[in-house]
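Student: Sharing a structure here in structure tokens format.
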Amino acid sequence: MFIQTEPTPNPDTLKFLPGREISPDHPRDFKTPEEAETSALARELFAVEGVVNVFAGADFVSVTKAEGVEWIHIRPAVLGAITDALESGVKLFDKDEADGHAAYEGEAEGIVKEIIDVIDTRVRPAVARDGGDIVFHSYAEDTGVVHLHMRGACSGCPSSTYTLKMGIENLLKHYVPEVTGVEAVG
């Protein structure tokens, strides 16, 4: 199996493209070996010493290494883990994730729908090219602040704060005037 590897703006994260679907329904983020228990793919990757985060996108896997670990030392093991998981024939994920955000009513419901639409159509495709994902977490009606989850290569990326403030915040303010700011949540 040939797996293409691409750098991301986050020097600790590489994007692996195996040429097939990975998580076409929705992206999945695994931050710990315990979270990885629901995924054969993530379990294989966390078994590689130095792997600290696994993000599964529609057709790619972003893997984040620990600080101080060199890619030259773990990249072959990461490629092997991805190959083993994909060629094993087992289901890559044991369960589906819920969307995880609260329900909104009235005017806020319409605002949140607009926010999610902008994020899904304009932000997520762009950051997926870099091996990451940004998803809606919540909207504070009283302040107009949108809270977003940064995942994959976006989580911990040196340029994520700039992307969040100068890119996403400006975009959301333009398309959804009720938005006054954007903040990342863990």
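The values are calculated or read from the model by the stated rules, or taken from the named source; none is laboratory data. Note that the structure is a prediction, hence the values are computed from the model and not measured. Please note: Cβ atoms are built from the backbone with ideal geometry, for glycine as well, and neighbour counts cover all protein chains shown.
Student: Using the structure shown, decide if residue 173 is at pLDDT below 85, farther than 22 Å from residue 27 by Cβ and outside the structural domain of residue 44 (by TED's automatic domain parsing). Explain how you work it out, then say what you get.
Tutor: Values: at pLDDT below 85: no; farther than 22 Å from residue 27 by Cβ: yes; outside the structural domain of residue 44 (by TED's automatic domain parsing): yes.
Taking the combined requirement at face value, the residue does not satisfy it.
Student: Right, another one. Assuming residue 87 fulfils every condition listed in (1) farther than 29 Å from residue 161 by Cα; (2) surrounded by 13 or more Cβ atoms within 10 Å (Cβ to Cβ) apart from one, which condition is it?
Tutor: (2)
Student: Let me ask something additional. Looking at (1) crowded, with 17+ Cβ neighbours inside 10 Å; (2) part of a strand (DSSP E or B), which one does residue 10 not meet, given that it meets all the others?
Tutor: Result: residue 10 fails condition (2) only.
Student: In the stretch 153-186, what residues are of a type in the set (Gly, Ala, Ser) and either part of a loop (DSSP other than H, G, I, E, B) or touching an Asp or Glu at 6+ places or on another chain (Cβ under 8 Å) (or both)?
Tutor: Step one: of the stretch 153-186, the residues of a type in the set (Gly, Ala, Ser) are 153, 155-156, 159-160, 167, 181, 184, 186.
If the condition is that a residue be of a type in the set (Gly, Ala, Ser) and either part of a loop (DSSP other than H, G, I, E, B) or touching an Asp or Glu at 6+ places or on another chain (Cβ under 8 Å) (or both), then 153, 155, 156, 159, 181, 186 are the ones that fit.
Student: Can you tell me which residue among 119, 111 is in the same structural domain as residue 177 (by TED's automatic domain parsing), over 27 Å from residue 1 (Cα atoms), under 17 Å from the mean Cα position of the chain (by Cα) and of a type in the set (A, V, I, L, M)?
Tutor: Details: 111 fails: under 17 Å from the mean Cα position of the chain (by Cα).
119 is the lone residue from the list that is in the same structural domain as residue 177 (by TED's automatic domain parsing), over 27 Å from residue 1 (Cα atoms), under 17 Å from the mean Cα position of the chain (by Cα) and of a type in the set (A, V, I, L, M).
Student: Within the stretch 131-164, restricting attention to residues that are over 15 Å from residue 28 (Cα atoms) and among the charged types (D, E, K, R), which residue is surrounded by the most Cβ atoms within 10 Å (Cβ to Cβ)?
Tutor: 141
Student: Does the stretch 14-28 hold any residues that are over 16 Å from residue 77 (Cβ atoms) and either in a loop (DSSP other than H, G, I, E, B) or of a type outside the set (A, V, I, L, M, F, W, C) (or both), and which are they?
Tutor: Narrowing the stretch 14-28 to residues over 16 Å from residue 77 (Cβ atoms): 15, 17, 19-28.
Selection gives 15, 19, 20, 21, 22, 23, 24, 25, 26, 27, 28.
Student: Return yes or no: is residue 139 of a type in the set (Ser, Thr, Tyr), in contact with an Asp or Glu (Cβ under 9 Å, 6 or more places away or on another chain) and at pLDDT 90 or above? First the steps, then the outcome.
Tutor: Working: of a type in the set (Ser, Thr, Tyr): yes; in contact with an Asp or Glu (Cβ under 9 Å, 6 or more places away or on another chain): yes; at pLDDT 90 or above: yes.
For residue 139, the condition - of a type in the set (Ser, Thr, Tyr), in contact with an Asp or Glu (Cβ under 9 Å, 6 or more places away or on another chain) and at pLDDT 90 or above - is met.
Student: Within the set of pairs 6 or more residues apart or between chains, which connect a residue that is over 15 Å from residue 128 (Cβ atoms) inside the stretch 5-21 to a residue that is of a type in the set (Phe, Trp, Tyr) with Cβ atoms less than 7 Å apart?
Tutor: 5/16; 19/2
Student: Further, regarding this structure: Assuming residue 37 fulfils every condition listed in (1) more than 18 Å from residue 92 (Cα to Cα); (2) among the acidic types (Asp, Glu); (3) out of contact with any strand residue (DSSP E or B) (no Cβ under 8 Å at 6 or more places or on another chain); (4) not in a loop (DSSP other than H, G, I, E, B) apart from one, which condition is it?
Tutor: (1)
Student: Further question: Can you tell me which of (1) at pLDDT below 85; (2) part of a helix (DSSP H, G or I) is the one residue 121 doesn't meet?
Tutor: Going through the list (1) at pLDDT below 85; (2) part of a helix (DSSP H, G or I), residue 121 breaks only (1).
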